[in-house]
Amino acid sequence: MSHTPHELRDEFPDAYDILHELKTTNAHFAALADRYHDVNREIHRIEAEVEPASDAHAEDLKKQRLKLIDEISQLVASAKAA
């Protein structure tokens with residue numbers, strides 16, 4: 001499979017250490033990151049036409065991904081400020 005765009009390490013290239021630290025020490029962040037990965041992977045499979053989906057479902061997934069990235073971004077920003 002090709003490179004999946006929008007991976008967390010790509011979204012936060014300057015925060016790799018923070019992502020790792022949060023994922024190993026913050027259960028809420030780990031759950032968000034896992035959910036983000038699942039949603040992102042499903043979007044990628046739909047966009048690559050590996051998995052069929054309605055436009056409405058694809059848009060719903062993209063909205064979920066945006067909501068997750070917003071919450072993850074807030075946690076990363078808080079960790080950077082600490």
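Some points to look at:
- Positions within segment 1-29 being loosely packed, with under 14 Cβ neighbours inside 10 Å, of a type in the set (A, V, I, L, M, F, W, C) and either at pLDDT below 95 or under 11 Å from the mean Cα position of the chain (by Cα) (or both), in sequence order: 1
- Wholly within the chain, helices (runs of 4 or more DSSP H) carrying at least 1 residues that are touching a residue at least 24 places away in the same chain (Cβ under 8 Å) and among the acidic types (Asp, Glu): 8-11, 16-25, 55-81
- Residue selected from segment 30-79 under the condition small (Gly, Ala, Ser) and surrounded by 17 or more Cβ atoms within 10 Å (Cβ to Cβ), by the criterion farthest from residue 11 (Cα to Cα): 79
The values are calculated or read from the model by the stated rules, or taken from the named source; none is laboratory data. In this text, all values refer to a predicted model and were calculated from it rather than measured experimentally. Cβ atoms come from the backbone with ideal geometry, glycine included; neighbour counts cover every protein chain shown.
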